[in-house]
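Single-structure report; data block below.
The values are calculated or read from the model by the stated rules, or taken from the named source; none is laboratory data. Just so you know, these numbers come straight off a predicted model, no measurement behind them. Glycine also receives a Cβ, built like all others from the backbone with ideal geometry; neighbour counts cover every protein chain displayed. Side chains are part of the model used for accessible areas, which takes the heavy atoms of the whole protein and leaves out ligands, DNA and RNA. Shrake-Rupley method; radii C 1.70, N 1.55, O 1.52, S 1.80 Å.
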Amino acid sequence: QVQLVEFGGGLVQAGGSLRLSCAASGSIFGVNVMGWYRQAPGKQRELVAAITSGGSTNYADSVKGRFTISRNNARNTVNLQMNSLKPEDTAVYYCKAQQGTYDYWGQGTQVTVSS
């Protein structure tokens, strides 16, 4: 089992920045891809950004150039730096860890961007 805890959500004005962090604990051996997803009210959960243990990254088109995902394998953390935030970035953000065929999710953290 892998436990994930997210930190850093909150309320910010459009154009502002937030940094999300996710700490993994438990049986973390073999965790390859870690990522951030988000779910806005009435919408499906969607990928925001993901990063492999080797550092390869993948971003949703809507956040490219504004968000940066990073990972510290020694500390078992993954971060999401969000700049130039827009009201449409408002959502609950979830951390996910992939270990073999299993996906583990955090509890989510609310990000609200006011216009």
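Could you grab the pairs with beta carbons closer than 6 Å, sequence gap of 6+ or different chains, first residue in segment 41-68 and over 20 Å from Gly15 (Cβ atoms) and touching a residue at least 12 places away in the same chain (Cβ under 8 Å), second one open to solvent by 80 Å² or more (accessible area, probe 1.4 Å) and among the basic types (Lys, Arg)?
none
Is there any pair with a first residue in segment 10-25 that is closer than 21 Å to Thr77 by Cβ and exposed (fewer than 12 other Cβ atoms within 10 Å of the Cβ) and a second that is among the polar types (S, T, N, Q) and modelled with pLDDT under 95 whose Cβ atoms are under 9 Å apart and which are 6 or more apart or on different chains, and what are they?
The qualifying pairs are Ser25/Asn76.
Return the residues of segment 29-41 that are of a type outside the set (Phe, Trp, Tyr), over 14 Å from Asp89 (Cα atoms) and open to solvent by 50 Å² or more (accessible area, probe 1.4 Å); say none if nothing qualifies.
If the condition is that a residue be of a type outside the set (Phe, Trp, Tyr), over 14 Å from Asp89 (Cα atoms) and open to solvent by 50 Å² or more (accessible area, probe 1.4 Å), then Asn32 is the only one that fits.
Quick check on my filter: what residues within segment 3-20 are assigned to a strand (DSSP E or B), closer than 15 Å to Ser84 by Cα and of a type in the set (S, T, N, Q)?
Correct list: Gln13 only.
Of these, Thr57, Thr101, Thr77, which one is open to solvent by less than 40 Å² (accessible area, probe 1.4 Å) and polar (S, T, N, Q)?
Unique residue meeting the criteria: Thr77.
As an exercise: evaluate Tyr94 against (1) of a type in the set (Ser, Thr, Tyr); (2) under 16 Å from Ser17 (Cβ atoms); (3) surrounded by 19 or more Cβ atoms within 10 Å (Cβ to Cβ) and give the number of the one condition it does not meet.
Here Tyr94 clears every test but (2).
Counting only residues that are closer than 18 Å to Phe7 by Cβ and of a type outside the set (Asp, Glu), give me the strands (runs of 3 or more DSSP E) lying completely in segment 25-101 with at least 3 of them.
Strands (runs of 3 or more DSSP E) meeting the threshold: 31-39, 46-51, 67-72, 77-82, 91-99.
Anything in segment 9-30 that is at pLDDT 95 or above and of a type outside the set (A, V, I, L, M, F, W, C)? List them, or say none.
Gly10, Gln13, Gly15, Gly16, Ser17, Arg19, Ser21, listed by residue number.
Answer yes or no as to whether Arg66 is within 12 Å of the chain's Cα centre (by Cα), of a type in the set (Lys, Arg) and surrounded by 14 or more Cβ atoms within 10 Å (Cβ to Cβ).
So Arg66 fails the test.
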